[in-house]
Every structure is written in structure tokens, then in C-alpha cells.
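Novice: Sharing a structure below in C-alpha cells format, with a few things to ask.
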4 protein chains.
Amino acid sequence: MTNVEEHSIRTLIFGVTGYTGMELIRLLSTHPRAVIVGGSSRNWAGQRVDEVFPFIPAAKSFPLTTIEELLLDPQADLAFLALPHGESAGCIRPLLDAGLKVVDLSADCRLEDEHVYAKWYGPHKDPDLLSRAVYGLPEIYREAIATADLVANPGCYPTTVILGLAPLMNDERVDCTRPIVDSKSGISGAGRGAKLNTSFCEAGEGFKPYGVTRHRHIPEMEQELGKLAGQTVKVRFTPHLIPVSRGMVSTIYVPVRKKISTDELRDLYADRYRNEPFVTLLPKGAYPDTARVRGSNQCHVSVEVDERTDLAIVMTGLDNLTKGASGCAVQNMNIMMGLADTEGLAGTSLFP
Amino acid sequence: MTNVEEHSIRTLIFGVTGYTGMELIRLLSTHPRAVIVGGSSRNWAGQRVDEVFPFIPAAKSFPLTTIEELLLDPQADLAFLALPHGESAGCIRPLLDAGLKVVDLSADCRLEDEHVYAKWYGPHKDPDLLSRAVYGLPEIYREAIATADLVANPGCYPTTVILGLAPLMNDERVDCTRPIVDSKSGISGAGRGAKLNTSFCEAGEGFKPYGVTRHRHIPEMEQELGKLAGQTVKVRFTPHLIPVSRGMVSTIYVPVRKKISTDELRDLYADRYRNEPFVTLLPKGAYPDTARVRGSNQCHVSVEVDERTDLAIVMTGLDNLTKGASGCAVQNMNIMMGLADTEGLAGTSLFP
Amino acid sequence: MTNVEEHSIRTLIFGVTGYTGMELIRLLSTHPRAVIVGGSSRNWAGQRVDEVFPFIPAAKSFPLTTIEELLLDPQADLAFLALPHGESAGCIRPLLDAGLKVVDLSADCRLEDEHVYAKWYGPHKDPDLLSRAVYGLPEIYREAIATADLVANPGCYPTTVILGLAPLMNDERVDCTRPIVDSKSGISGAGRGAKLNTSFCEAGEGFKPYGVTRHRHIPEMEQELGKLAGQTVKVRFTPHLIPVSRGMVSTIYVPVRKKISTDELRDLYADRYRNEPFVTLLPKGAYPDTARVRGSNQCHVSVEVDERTDLAIVMTGLDNLTKGASGCAVQNMNIMMGLADTEGLAGTSLFP
Amino acid sequence: MTNVEEHSIRTLIFGVTGYTGMELIRLLSTHPRAVIVGGSSRNWAGQRVDEVFPFIPAAKSFPLTTIEELLLDPQADLAFLALPHGESAGCIRPLLDAGLKVVDLSADCRLEDEHVYAKWYGPHKDPDLLSRAVYGLPEIYREAIATADLVANPGCYPTTVILGLAPLMNDERVDCTRPIVDSKSGISGAGRGAKLNTSFCEAGEGFKPYGVTRHRHIPEMEQELGKLAGQTVKVRFTPHLIPVSRGMVSTIYVPVRKKISTDELRDLYADRYRNEPFVTLLPKGAYPDTARVRGSNQCHVSVEVDERTDLAIVMTGLDNLTKGASGCAVQNMNIMMGLADTEGLAGTSLFP
């Protein structure tokens, strides 16, 4: 095991060799308070992680085991589950029972209603967890996260949409009950694996919609926006694939009911996010760009009112592996462990 | 001058070394009936084109001169104007007077109303041309193009939107009067030139909105959709930049008023475009992908109804330099000269 | 079957849905004299090709069958084998026996010595073919190809190296017996298939050597260079992967023995390739660029002498799927059928 | 000015808005001991850096001034010069005179011989600096750097070559006096600026040699390799451009004189770099990949002997902006200020 300083937070990563697992390693490798003491990998169990990934320095290495072994006697403070949905649900209870806090990056604890989960993902393995989990979007639920032992890390698309619409959900000047959300994601969002349609020659120089009207993140958006609005919200959602590894931009359209200017809209957002370290309202005329958030935990936001056509346009951008997944998971860990949100997450984006 | 076979169509290209000029060369180099006999280039006047672009075979080469020289005594049947707006307008009358037909790839002849032009582009240099020009979208105006001597080649974004919405504009089951158009363009759409924001390191791995609510293609879309609808149409338009050289996808949202299924919608499109060689309705579940239209003159179309939220979604994709510019210009030439639309344009896309 | 004009060359493609098969379709779709009348595909047998690839127009479509069915009664003039090595060897004899000419794009007929083949590829399925095949590099063996019924289409790396060194092999001013060849290939060279290491997220923004000292194209280079030199040649070969779909550049280093200037070297190449339609000596100071040969059948060549260190540097660039594979195969078909090399191959590169 | 903690190292960055300046900001923003207290920018003087780059948090911001203003009364411990060569030379003496230590990222202090400098770069503005500067490659000159007040940060290409060959320069089994160096660089190496040849559409999907036999990094390599060898070394150097923003791979060829195996070669490198935190010998069969060093300060190394042809092949890879420029500059700062090399540089690469 890694040499762990006293007072360090000891963490486990289930699913080390997927992209969100690898991103957790990257972020935690420079975290001043947390260390990784073990991880699971189906393919590499029995090796140390620096043998699998030569870019991890030996000093930061840790052993890889199977999920089953890792669950046997988990000596740690907190576990990150970077596993596929379905698989995640089966690991949570043993970890909670062993006294660990859990941040689940899968979809398994995000939906409150077991029937909605079943409709979009199939039967839930441990539905009692749904009421125990806190939805881990710190900008909305920071207080609840601070005392939770199980946090459901949000989906990447929902993060762009909820952060994008939260300041508007109760503003009567716009109609947020049926937003049109046109989202674009980098290819790492499809996960790590050998698939023809995400191969370099097929996806490179490509851009296309996918999963039109049918993406599984829809119920998650509708649940959270509905809670913010205090009424039912239907999201019209079209995801697209961008030929970049990382990055996500959502362009969100809501009708204007009563006159509101771009400046007034900007004020709303500036107020709402003034104290949020990871939500930045861009200067007027600047728009979210995947290249400017790569590797950072920032969500960039722009807003415009098209006064000619009575439409409010909200644009949000983030790195789907960082603020859209593992960065937010570390932020949740920080909050759960009583640290500042920004601990270990202060890195600026890698640009160019 | 190139050795011109009898019966060949002799063409001139004004603005050879921009991307649409270069694409005209590529397409015409294998056209069975047309030859390029001269071209203009500010920077390379006095050289032959194969000296500037070594990938052009000597047998297909032609001399480069200034615009002024090329206008002096234009010995040709048809001229393509691949010049910036404003500059184009000044060249048209001398060419028409010399008996040439003209396909203008700039915006200078697209708008019918001089005042609308002035508002978006500044004062027009030769406003009488506006009523003389035919809007060169063959799928809508093929008959008028056939007898025109001046054709205004459509903008790339408008082509995706007009082809995307034409079958719906008079269908009472959907409301096409205020469509939301979320478009994404490859970087060649920004033209050829040295700019920091389209440099590889700034634009690569990037994706972002630009010109939100303010893009100059809006009045062109509204003019043409309005004519198809027989009423005023307001377009809510947000363009984005994709990190690919070529390609454009528009995702278009219109509310459903009366129940219509995806299959019924597909039938509408299949009927409308059955005989169009360059509009392809993709199989159900397939969506336009820039990688599959690169270098071809195809516009790919998909349609879906989101019955859960009463929304029709139209997705169109094309190569902005081909069907979105120079390929369409050659198609217009074909029609103006009495040839089949497909002459010289049968090439399939370069994939991968 | 496709409606075949009289006098057309009827072709078959074995292995339609790999990248070289797809590139054959692209090139033949605008060939004025050849048509594809059938093809094989393991996964799509029973469908027509335009159902599998919507970007192929119905008018150019053809049925897909299994290899076995296609071999039963092959009604065609020429077959292209775009199959993996090993698989190809088993198809050749039935085709030759049925009177077809064959262009084999695999490695199965490239090596003259059965033992060398066995060492690098394993036992050969039909070694008698080796002496019957002509090595299909038209710039070296055009006459023999013209009368051959079996042509072994060269490997992509060997094409860059043999075309790059042919003018020097008998020049005593340089030592070509042990060239250092540093080659870089686009990712389509790895074939079409779902592999983690050629996925967008793993290969994008990447560049790396692979197969160092061990690539299977080494014996092919050594055989052909040795024949040109009249003595044994050992090639020191290091391939690398470039994050582009198409394109290949080889940088080749040979020691200078007796003083020779860059201009003298250029003259050698200009003389050697003066009448070759698909080999272009670039202007002095210009170097091969994958972006300038994409989709064309051109091989671009530059040469420099580093007089300070007595080294000759030859740089060659081509599209690995076109001049490096399917374009050369069509060029070979043209020669075998008595057509000009350039028939159907005049297209300039797709740039940008 | 930024709120500076006691005991912090106060730094200045000359040339903030180029890529190496921006990379310095990224690296120093998470450095536990250093802060940036000011910077120069021709275009943005008078603004604060977070106004120019919204991705820099306000807490890490600092004022931008002209070079002249910054030189007037430089209140800091150390200055990084991320200026073009020529411009850098003029700033050094005032900084040294004011008691600052200086890390110069330009080429102005790298060459020891004024005449060699003049031949490749033109006349030197302050040639006396040449003997005062220490060549800042920590793996070679760590001790001298520790006591230097002026460090010449190495060029990116020379870093790959010197680290690649250092273990061999005195080994009689190989001949390192005339290595062939085939290098490939990401496009950020060309600097930040609007140039047609590095625009996305021109450089994307491209790969090409440039500056063949004439690159300015040649004398730097020859100087340093010559010192290591104790004799004159001539480098045969061909750089190429890879279509990635960051990353560099050099493939280096040296003849084997006396039998040596790959394993023996590996042992040499393992011994030489055992204690170097930023040089990693990759596992056997793994090769440097730009994608695996992006954003990290690592130099990855592989070695192979081609026993068939008596050639040793050394492959090195790094991020040209990090270990190839700003990361190494921070490493030099650490050494000059008595900190561990790794302070603030422990981040793993951004992958994917």
C-alpha cells in the first residue's frame, strides 16, 4: 500500500482503468489531503497501477484487485465507484456497512423513483439506496452532501443543463417547463473500449447526433429541474458527438414570456453563482469552448436574449471527465470530508 | 490557355485561392464537360495555378490574373465568383454585359430586399442586380435557374435549413414560423486566412458557439422560408464551430401542433426528395454525420418526432464547401447549361 | 446486378467493407470504364451495398454475398482482393481458373521467396502463385503488369520507399544498401475494426512509433530495392502512427559517398519521373504533406542533400488508401486492361 | 498584486500570452511555493490576466504591463523570459542587476559561442551573457543550475535528443558522432500567432517535414552532445509537424559498432536515469506516445537494437510546452531556489 500520511483521506477507486477512473487518479495524484490506497480492475487485477499505466509515478501507485477482493475488507475512508450502472448498485451496501462513504459515478443512485429507473435502465438491484443517496451537484445540494454517506454523482449532460437553468427555473419572465437542449459531447463520454463507431477513422472529422429523443440522461434532468421549478418539466434533448476526446457544450433554449434583456439575464447568473468556485459566467460576447475547460473543474456559462424572437439562450461548457464526472466526484469528496470544495481542484485548463 | 475541346463549357473562377475557389478547381478538374480557362488571385496573379498548388496537374492548369485583368475581355461561357461579399457585386455587371452567365457564391445577390441587405452587410454596390438574380437552390428553384443568367449561390447554413424545412413549411401539423436552428460548422466555413481563433492550437479540440443571435445568414433563411410558408418566418439561429475542416450539421426544432408520427414525417420527406439526386433521407435511426458527406455533393437528412414532448426534429448534414458552396455552384452551372444536375458531381464522399 | 454498359470492365471486390474495399468503391464509382458488379462481405452478405453505406447512390449499388458464393461463378473481367493476408491466397486460383484477372491488395503474392513469406507471415496457402504474380508498382513494372493476369498490389510503406529510392539505387554517389527509413502512417493503415489502441480517445492527439525493427513490410522493401540495386539491401525501418485517418510520409536517409548537390539530386528525380502521372517532384523547399495528397493517387517527392553532414534525404508522401492501396490497384487494373494509367484517377486531393 | 504568502517565491513572466507563458501560468497556479506577481504582454498591458483569460481564477490573477514597465523596478525573486530570441537578450541584464534570478526560455543564452549564435540567429545583443548562463537541462547540469543566477532553458528538440543520447555518448559500442535524428513536433512549437500554415484547415489532417537540414536547434544539439562526447558531433536533423497541439517524439538512429543487445542498452538507460523523476524508461515493447505525456513534465524513453542491421534506435517523447519548455523552466526554478525538482510538477498527463 502507498505510504499514507496521518490525517490523509484514504480512498478506493472501483473501476480504475475506465476514463473516469483514470481521471480520478490524475486528480487525486496532486490532491493535498487524499490518497488512493487501492482499486479494482477486471483486466489488471494482481498488478500495481504503475505497471499498467507507466505515466503514474511509483510513489503514487497502488495495487489493483478484483471488485470482490476490494469489497472483502475495505480499509479506507471513502470509495469512488467508477463502474457501469447496474454493477455499481451491487457494491454500495457492503461499503456503507464497512463504514466507508461512497461517491457513485454511475447512474444507479441518481433517480429517486425506482419505476423511472427501471423504465430507462432496467430493474434496480438495491432500490432502497435511492432514498438514501444525495444528488451530488454541489451548487444545488452542498449542505446535504456535507452530511451524506452516499452521493450520486450527476451525469455529465445533466450537470450542463441543471447548472445552465437553475437560475431561471423560478423566474416568471421565461418558460422553463419545456426547454430544448442541444448538447454536444466529446467521445470519451462513450467510455473506454474498442468500438467501431468511436474508432479514430470513423469518428475523426465526424460530427453527428445520436440517441435522439431517447438518451438516458433525460429523466435525471427532468427530476432535478422539476424539483427546482416546483412543477413538471419536460426536456427535449438531442445529444451529438464532437470529434474531441474531452469536452461538452449544451445550448439551451427557453421562450421569453416577459421582456428581459441580456444584461438582466446576466445579472441573474452573476448573482446565483457569485460564490461558486467552479461556475464562471464568461464576459459578454464570449462563449463556452471545450478547449478552454479541458482538464479543469470549471463550468463556463454564457447567456443571451434574442430580443428579435423572444428567446433566451443559455450555453454551458465543461470537461465531461472533470466537472462532468471525476472532478465533481472529488469536489463531493471534499465536501463530505469537511474540506474546501477547491482542495486539489485548483488546476487551470490545459490550453492549448 | 488550357487546350479546350469543342463543346466544352469554358469557365472562369474569380477568387481561386480561397477554399471555395479551390473546391471549384477540385470539382471541375474531373467534370466531363467544363474546363477552367482562367482565374483571379490577388496574391498569385502572373503565375499559373499549378505553380501555386503543386497538386494540380499541369494539364488542368490555367493562368492567374488580377480581377481587373480578368474582367477586361472575359472569353468564357460562365464565371464563378468566389469572392468576399461586397467585392463580388462589383464584378457581376461587366461579366453579364460580356455575355457570360454568372454564379455568385458570395452573399451579394441572395437577398431580394436592398434594405435588408444594407442592414446586415452594408450598402449594396449594385442593387439592381437583386431583382435579376435567381436564388440558386436547385431543389426549390430548378426551373428558374435553368433560364437565369445570374444565380445567387445559397449560403451553407441556409442550405441545411431550407432543405431541412421545405417539406414542412405548408404542413399544418407542425409550426414552422419560429424554428430553432442549432447549427454546427467545420472551420473552413470561416474562410482561408491567418487568424488566431482558427489556428490549429486554438480551434483544435475546441467546440463553441459564435455569433449567437447575430449571424448574417439569418435574413437569407427567413426570406426563403417565408416564401415557402407564405408568411413571415423568424429563425432562432445559433451557429457553432466543430473542430473539423469540412462539414456542417443543423439540428432544427419545430413544435408539433397535431399528432404526427416519425414514420409519417419520413414519408413527407421521402416524397418531397424522391427525385433529388443530392438529398438523401437516411435510414431510420441513422443521423447525418459530417464524416459521411465529406467531399460529396450530398445533403443527408433525418427526421424524428419526439412524441413525449410534441416536437419535430429535423437533422441535415452536408459538406459546407461542396453542397454548401462549390458543389452546389457546379450543380447550378449544370442546370444553367442544360446538363444533368449530377454531371461531374457523382463522386461519393471521402470516408474515412 | 448493376446495369452494365457494353464495353465496360466488370469488376468484383472481395472484402467490400474494409477501408481499401470502400476506397475501391469510391474510386470506381466515377471510373468512366469500370463498374462493380458484385462484392463480398462477411457481415453484410445478402444486402445491397447502398443499404449498408447510405452514401453510395442506388445507381452504383451492387449485391453483397459471401466469399464462397462470389467464387462459385464469378461473372466478371477482374477481381480486386481486399482481404487479409492468408485469406486472399485461397481465392486467387478459382478466379484465375474462371478467366478473371486478379489484383491482390493483400501481402500474399508480393514476396517471391516462399521461405521469406513463411518467416514473416506463416506458411503460404498456395506458394505456386508467387512466381506467377507480378509486383504491381507501375512505375517499375508497367510492362509486365500490362500482360499479367495476377498482380500483387504493393504495400503502402514499400510504395513510399521504392518510389523514393528507385532513382538512386544505381547511383554510386550515394550508398543505398542500408537506408534508414523513418515512416509515418495515418491510422486507416491499421485496418477497419474495433480496437482500443486505434480508438479516437487513445489515438487522437497521439503520435508514436510501433513495430520497431519488426514490421512485415521490411522483406518486401528489401526484395524490391535489392532487385533495383542488383545487390542485397537491408532496410532499417521504423513506422509511426500519425493522428490522421489517411496519409503517409516516409523520410529516408542514405549516406552520400561522392559529392552531389541538392540540384543534381533533383535532376535525377525529375528525369526518372518525368512521364509518370502519379509521381510529382515538389518545388524546391516544399515537402510532402499528407493533407495535400488526401484522396488523390499522387505520390509527392522531395529531396535534399545535407552537405554539412554528407547525407541525402528523400521524403515521399501519399494517401495510404489511394496510391498506397486502392488507387494503385485501379491504376494496375487500367494497365492490365489496356487503358491509360490515369483513367478514373485524375481527381485532385481533397484539401482542406 | 496577488496576495503573497511569506516565504513564497515571487516570479515574473515576460511574455505571458504566448504558449510557453500560458503554460507557466498553468504550472505555477498549483505550485505550492511560487506565485506570479506580474507579467508583460504587448497586447494586453494595463489589464489583469484574468480579464484576458477567463479560465484564470481571480485569486491567481496578476497585472499585465509592458516589458519596459516590468523592467523598471522588478520586485521579485525570479523572472521567466518567454520572449522571442533577440528580445530576451535585452531584458536579462537589468533583471540580474536588480538581483533577480533569470530563467530564459528563448535561445539567447543557450549557445556558448557568440559566432555560432550569430550564424544561426544573427548578432547577439549582449554576448557577455553567454559565458554567464548555465545550460538548463537538470539531468545534465543540476549542480551548476543550483548556484546559477542565469539559466538558459533548453530547446524542445534538443531536450529530446540530449536526454535520448546522453547515456550513449561515451559508450564505445555505438557511434554517436553523427546521429540521424528524425523528430516530430506538435503545432504549438510554432508559437502562438495567426499564420496560414498553422491554421486548422491547413495543418489539420496534415503531417510534413519542414526546415530540413536547416533548423536552428542543430547547433544547440551539437554543442551539448559534443561536450558529453568529448569530441565533435554532427547531428543530421529533420523536424516534422504532427497535427496535435502538444507533443514531441524524436526517433534517433546511431550505428552499432560492437555487439550490444536491447537488454544491455536498456540497462544503460535504467542506470543513468534511475533517480531522475522526469525521465521514464518505458517497459520493453512500449514506445513514447505524445498522448501519454500531454501536460506532464515527463520525458518517456524507449530503446531498441536492430541486431539484423546493427542499428541502435532511441525514441524519446515529451510535451514540448512542459518538459520541452515551461515545465523544465519550473524545474530549473525549483533547483535554483533550493526546492525539490518535483515541487509543483507532480501532475500526471492528461489522458485522454
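Novice: What residues qualify as long-range amide H neighbours of D:Thr65, i.e. H under 5 Å apart, gap of 5 or more or another chain, H built at 1.01 Å from N?
Specialist: D:Gly39, D:Ser40, D:Ser41, D:Gly46
Novice: Sort region D:147-194 into rounded, prolate or oblate with this rule: let a ≥ b ≥ c be the square roots of the eigenvalues of the Cα gyration tensor; rounded if a/c is under 1.5, and if a/c is not under 1.5, prolate when a/b is larger than b/c, oblate otherwise.
Specialist: oblate
Novice: Only Cα pairs within less than 10 Å get springs; with that Gaussian network setup on chain B, which residue of B:Pro209, B:Pro158, B:Pro138 has the largest fluctuation?
Specialist: B:Pro209
Novice: All other residues with a Cβ under 11 Å from the Cβ of D:Leu111 taken together, and with Lys, Arg as +1 and Asp, Glu as -1, what is their net charge? Kindly include the intermediate steps, with their values, before the conclusion.
Specialist: On the way: positive: D:Arg110, D:Lys119, D:Arg216; negative: D:Asp108, D:Glu112, D:Asp113, D:Glu114, D:Glu220, D:Glu222, D:Glu224.
The answer is -4.
Novice: Protein chains only, probe 1.4 Å: how do B:Phe278, A:Phe55 rank by accessible area, largest first? All intermediate terms of the calculation are to be shown ahead of the outcome.
Specialist: Working: B:Phe278 5, A:Phe55 25 Å².
The residues order as A:Phe55, B:Phe278, largest area first.
Novice: From the backbone phi of region C:268-278, what are the Karplus-calculated ³J(HN,Hα) couplings (6.51 cos²θ - 1.76 cosθ + 1.60, θ = phi - 60°) in whole Hz, Gly and Pro given as x?
Specialist: Result, ordered by residue: 3, 6, 4, 5, 4, 10, 3, 9, 8, x, 10 Hz.
Novice: For A:Asp149, place a label point 7 Å from Cα along the Cα-to-Cβ direction in every copy; what are the distances to the other copies, in nm, shortest first?
Specialist: Label-point distances to the other copies, shortest first: 6.2, 8.1, 8.7 nm.
Novice: Under a GNM of chain B (C-alpha, springs under 10 Å), which listed residue has the highest mean-square fluctuation: B:Pro63, B:Pro288, B:Pro123?
Specialist: The residue with the greatest mean-square fluctuation here is B:Pro123.
Novice: Report, in listed order, any pair from A:Lys284/B:Lys184; B:Lys234/B:Lys258; A:Lys227/B:Lys184; D:Lys101/D:Lys323; A:Lys195/A:Lys234 with a Cα-Cα distance greater than 23 Å. Numbers along the way, then the final one.
Specialist: On the way: A:Lys284/B:Lys184 21 Å; B:Lys234/B:Lys258 21 Å; A:Lys227/B:Lys184 32 Å; D:Lys101/D:Lys323 20 Å; A:Lys195/A:Lys234 32 Å.
Violating the 23 Å limit, Cα to Cα: A:Lys227/B:Lys184; A:Lys195/A:Lys234.
Novice: Roughly how much of A:Asp73 is accessible, in Å² to the nearest 10, using a 1.4 Å probe?
Specialist: Roughly 100 Å² of A:Asp73 is accessible to a 1.4 Å probe.
Novice: Which percent, to the nearest 5, of DSSP beta bridges fully inside region A:157-321 are antiparallel? Walk me through the numbers on the way to the answer.
Specialist: Numbers: 25 of 34 bridges.
Beta bridges within region A:157-321, antiparallel portion: roughly 75 percent.
Novice: For B:Ser261, go 7 angstrom from Cα along the Cα-to-Cβ vector, then report the distances to that same point in the other copies in nm, smallest first.
Specialist: Reported distances to equivalent positions: 5.1, 7.2, 7.9 nm.
Novice: In terms of modelled amide H atoms, which long-range or inter-chain residues lie less than 5 Å from the amide H of A:Cys299?
Specialist: A:Val279, A:Thr280
Novice: Rounded, prolate or oblate: which fits the protein assembly as shown, taking a ≥ b ≥ c as square roots of the Cα gyration tensor eigenvalues, rounded meaning a/c under 1.5, else prolate when a/b beats b/c? Intermediate results must be reported in sequence, preceding the final value.
Specialist: Values: a/c = 1.37, a/b = 1.05, b/c = 1.31.
It is rounded, given that a/c, with a ≥ b ≥ c, falls under 1.5.
Novice: Still on this structure, I have one more. Suppose R0 equals 30 Å; then what is the FRET efficiency for A:Glu264 and A:Arg142 from their Cβ-Cβ distance, rounded to the nearest 0.05?
Specialist: After rounding, the FRET efficiency stands at 0.70.
Novice: From the protein chains alone at 1.4 Å, what is the descending order of accessible area for B:Asp104, D:Asp271, D:Asp149, largest first? It would help to have the intermediate numbers written out before the result.
Specialist: Numbers: B:Asp104 0, D:Asp271 100, D:Asp149 50 Å².
Result of the area sort, largest leading: D:Asp271, D:Asp149, B:Asp104.
Novice: Mind giving me the nanometre distance, one decimal, between the label points for B:Asp50 and A:Ala59, set 7 Å out from Cα along Cα→Cβ?
Specialist: Modelled inter-label distance: 6.3 nm.
Novice: Further question: In chain B, what residue has the beta-carbon at the shortest distance from the axis of the rotation relating B to C, and what is that distance in angstrom, rounded to the whole number?
Specialist: Chain B residue with minimal Cβ-axis distance: B:Leu350, 3.
Novice: Follow-up. Could you please state, rounded to a whole Å, how far the C-alpha centre of region C:37-109 is from the C-alpha centre of region A:84-153?
Specialist: Cα centroid of region C:37-109 versus Cα centroid of region A:84-153: 53 Å apart.
Novice: Just how many % of Cα pairs in chain A lie over 26 Å apart, if you round to the nearest whole percent? Write out the running numbers ahead of the final one.
Specialist: Working: 29588 of 61776 pairs.
For chain A, the fraction of Cα-Cα distances above 26 Å is 48 percent.
Novice: Mind listing the phi-derived Karplus ³J(HN,Hα) values for region C:326-331, rounded to whole Hz, using 6.51, -1.76 and 1.60 with θ = phi - 60°, and x for any glycine or proline?
Specialist: Karplus values, whole Hz, x for Gly and Pro: 6, x, 5, 5, 5, 4.
Novice: Specify the residue with the greatest mean-square fluctuation among A:Gly90, A:Gly21, A:Gly38, computed from a Gaussian network of chain A linking alpha-carbon atoms under 10 Å apart.
Specialist: Per the Cα network of chain A with a 10 Å cutoff, A:Gly90 tops the list.
Novice: If you take every DSSP beta bridge whose two residues both sit in region B:23-159, what share of them, in percent to the nearest 5, is antiparallel?
Specialist: Counting only bridges with both partners in region B:23-159, antiparallel ones make up about 10 percent.
Novice: Another one. State, to one decimal in nm, how far the label point of A:Gln75 lies from the label point of C:Arg216, with both points 7 Å from Cα in the Cβ direction.
Specialist: 5.0
Novice: Given the whole protein assembly as supplied and a 1.4 Å probe, what does the accessible area of D:Lys60 come to in Å², nearest 10?
Specialist: The value for D:Lys60 is about 90 Å².
Novice: OK, next. Using a Förster distance of 22 Å, how high is the FRET efficiency between B:Val116 and B:Ala229, based on the Cβ-Cβ distance and rounded to 0.05?
Specialist: Details: r = 17 Å, r/R0 = 0.78.
The value I calculate is 0.80.
Novice: Enumerate the calculated ³J(HN,Hα) couplings along region A:220-231 in order (Karplus 6.51 cos²θ - 1.76 cosθ + 1.60, θ = phi - 60°), each rounded to whole Hz, writing x wherever the residue is Gly or Pro.
Specialist: 5, 4, 5, 4, 6, 5, x, 5, 5, 7, x, 7
Novice: Treating the angle as unsigned and between 0 and 90°, give the value, to the nearest 10°, between the Cα long axis of helix D:138-147 and the longest Cα principal axis of chain D.
Specialist: 40
Novice: A follow-up question, please. Rank these residues by their accessible area, most exposed first, probe 1.4 Å: A:Arg110, A:Arg10.
Specialist: Numbers: A:Arg110 20, A:Arg10 75 Å².
Descending order: A:Arg10, A:Arg110.
Novice: In µm²/s, what is D for region B:157-321 at 10 °C and 1.306 mPa s, where D = kT/(6 pi eta Rh) by Stokes-Einstein and Rh is the Kirkwood radius from Cα pairs?
Specialist: On the way: Rh = 16.3 Å.
After rounding, the answer is 97 µm²/s.
Novice: Could you pull the copy-to-copy label distances for A:Asp73, with points set 7 Å along Cα to Cβ, in nm to one decimal and sorted shortest first?
Specialist: 6.6, 7.4, 9.9
Novice: Going toward the positive end of the dipole of region C:234-304, with +1 on Lys and Arg Cβ and -1 on Asp and Glu Cβ, which of C:Phe278, C:Thr262, C:Ser250 do you reach last?
Specialist: Most positive-ward Cα: C:Ser250.
Novice: Where in region A:244-259 does the label zone of B:Arg308 land, with the point 7 angstrom along Cα→C-beta and an amide N cut-off under 17 Å?
Specialist: In region A:244-259, the label zone of B:Arg308 (backbone N under 17 Å from the point 7 Å along Cα→Cβ) covers no residue.
Novice: Looking at chain B, what % of its DSSP beta bridges pair antiparallel, to the nearest 5?
Specialist: Details: 26 of 56 bridges.
Antiparallel bridges: around 45 percent, rounded to the nearest 5.
Novice: While we're here: For region B:9-132, what relative contact order do you get, as a whole percent, if you take Cα pairs closer than 8 Å and at least 6 residues apart? Mind showing how you got there, number by number?
Specialist: Working: 200 pairs, mean separation 27.9, N = 124.
So the answer I get is 23 percent.
Novice: Further, regarding this structure: Given H placed on each backbone N at 1.01 Å, which residues far from A:Ser199 in sequence or on other chains put an amide H within less than 5 Å of it?
Specialist: C:Phe200
Novice: With a ≥ b ≥ c taken as the square roots of the eigenvalues of the C-alpha gyration tensor of region D:108-177, please select rounded if a/c is under 1.5 and otherwise prolate if a/b is larger than b/c or oblate if it is not? Intermediate values should be presented prior to the final figure.
Specialist: Values: a/c = 2.45, a/b = 1.46, b/c = 1.68.
Verdict is oblate for region D:108-177.
Novice: On a C-alpha basis, how far is the centre of region C:185-202 from the centre of region D:16-32 in Å? Whole number, if you could?
Specialist: Centre-to-centre distance over Cα atoms comes out at 34 Å.
Novice: Another question, if that's okay. Residues with beta-carbon under 11 Å from that of D:Ser40, excluding D:Ser40: net charge, scoring Lys, Arg +1 and Asp, Glu -1? All intermediate terms of the calculation are to be shown ahead of the outcome.
Specialist: Numbers: positive: D:Arg42; negative: D:Glu68, D:Glu69, D:Glu87.
Combined, the nearby Lys, Arg, Asp and Glu give -2.
Novice: Taking R0 as 30 Å, what's the FRET efficiency between A:Ser8 and A:Glu68 from their Cβ-Cβ distance, rounded to 0.05? Write out the running numbers ahead of the final one.
Specialist: Values: r = 26 Å, r/R0 = 0.86.
That gives a FRET efficiency of 0.70.
Novice: Still on this structure, please answer the following. May I ask you to derive the relative contact order of chain B, considering only C-alpha pairs under 8 Å and at least 6 residues apart, and to give it as an integer percent?
Specialist: On the way: 764 pairs, mean separation 59.3, N = 352.
17 percent.
Novice: Strictly greater than 24 Å: what percent of every Cα pair in region B:1-125 meets that? Display every interim value, and only then the final one.
Specialist: Working: 2058 of 7750 pairs.
Within region B:1-125, distances greater than 24 Å cover 27 percent of Cα pairs.
Novice: Dipole size in debye (nearest 20) for chain B around its Cα centre, Lys and Arg Cβ +1, Asp and Glu Cβ -1?
Specialist: On the way: 36 positive and 43 negative charges, 162 e Å.
Charge dipole of chain B: 780 debye, to the nearest 20.
Novice: Oh, and also: So how many Å³ per residue does the convex hull of the Cα atoms of region B:235-352 work out to?
Specialist: Details: hull volume 15.5 nm³, N = 118.
Per-residue hull volume (Cα only) is 131 Å³.
The values are calculated or read from the model by the stated rules, or taken from the named source; none is laboratory data. Just so it is clear, the structure is predicted and the values come from calculations on it, not from any experiment. Quick reminder, even Gly has a Cβ in these numbers, built from the backbone with ideal geometry, and neighbours come from all protein chains shown. Accessible surface is based on the protein model in full, side chains and every heavy atom, while ligands, DNA and RNA are left aside. Shrake-Rupley method; radii C 1.70, N 1.55, O 1.52, S 1.80 Å.
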